[in-house]
1. Over all distinct alpha-carbon pairs, what is the Kirkwood Rh of the chain in angstrom?
2. Just to check I understand the Karplus step: with θ = phi - 60° and J = 6.51 cos²θ - 1.76 cosθ + 1.60, what whole-Hz values come out for the range 66-72, glycine and proline as x?
3. Anyone know which of Leu167, Leu14, Leu53 comes out most mobile in the 10 Å Cα GNM of the chain?
4. If each residue's Cβ is checked for other Cβ atoms within 10 Å, how do Val88, Val166 rank with the fewest at the top?
5. Can you put Phe36, Phe51 in order of Cβ neighbours within 10 angstrom, beginning with the fewest?
6. Check the straight Cα-Cα distances from Lys178 and name the lysines below 26 Å, setting aside those fewer than 8 residues away within the same chain.
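Just so you know, all these numbers are worked out from the coordinates, no wet-lab data involved. The shown structure was predicted, so the numbers you read here are calculated from the model rather than taken from an experiment. Here the Cβ positions follow ideal geometry from the backbone for every residue, glycine too, while neighbour counts run over all protein chains shown.
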Amino acid sequence: MTRSRLESFTDAILAIIMTIMALEIHTPSHPNWTSFSTLFLPLFAYFVSFFGLTNLWMAHHQLIHNVKEVGYRSVFLNMLLLFWVTMVPVSTSWVADYPAKALPEQFFILIQLGWFILLEALIRSVKQEHPAEVDPNLSVISWWAIVLLLFFLIFPLPYSGLVIGVLLILRVLILWIKNGRLR
């Protein structure tokens, strides 16, 4: 499959997911600050998921921007990744509604962990197919991120998924700035 076809399809799916997340945020019941304050957690969860997906989109672009063709295994892994991230609106909405409950936090963290693992598998697959065209240092998994995600998946604390999401967004942003990729 051509890179542009895979990239266009992935871009479209991620745009749809981000739009669905925005549609899950409902307007306040009354036009006052008290009602508006009820939007804080849904907006915060949306922020975490939106910029997490933005990091995914940027890494995906960085991965395939020099590649002309993508092999079947990589296309399959890309589709598996997209399937997984279609659960982001569900996990975001659920954790926004119940941020202090264990199961929504665990589900939110599981979705984050799954997309990191699947994105790393995709990166390794494309690197294997095109070792000269892909940045050899490109990776999304770090040992501390996986340990943190697994720890809070097993022992969820209130708001832990959202806090981890912010930490991972900041980690990726710092890495992108450090490596000079944000130009």
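1. Details: mean 1/r = 0.0582 Å⁻¹.
Taking the inverse mean of 1/r over all distinct Cα pairs, the chain comes out at 17.2 Å.
2. Using θ = phi - 60°, the values come out as 9, 8, 8, 10, 10, x, 4 Hz.
3. Looking only at Leu167, Leu14, Leu53, the biggest GNM fluctuation is shown by Leu167.
4. Numbers: Val88 23, Val166 15.
Least to most surrounded, the residues fall as Val166, Val88.
5. Numbers: Phe36 14, Phe51 17.
Lowest count first: Phe36, Phe51.
6. Lys127
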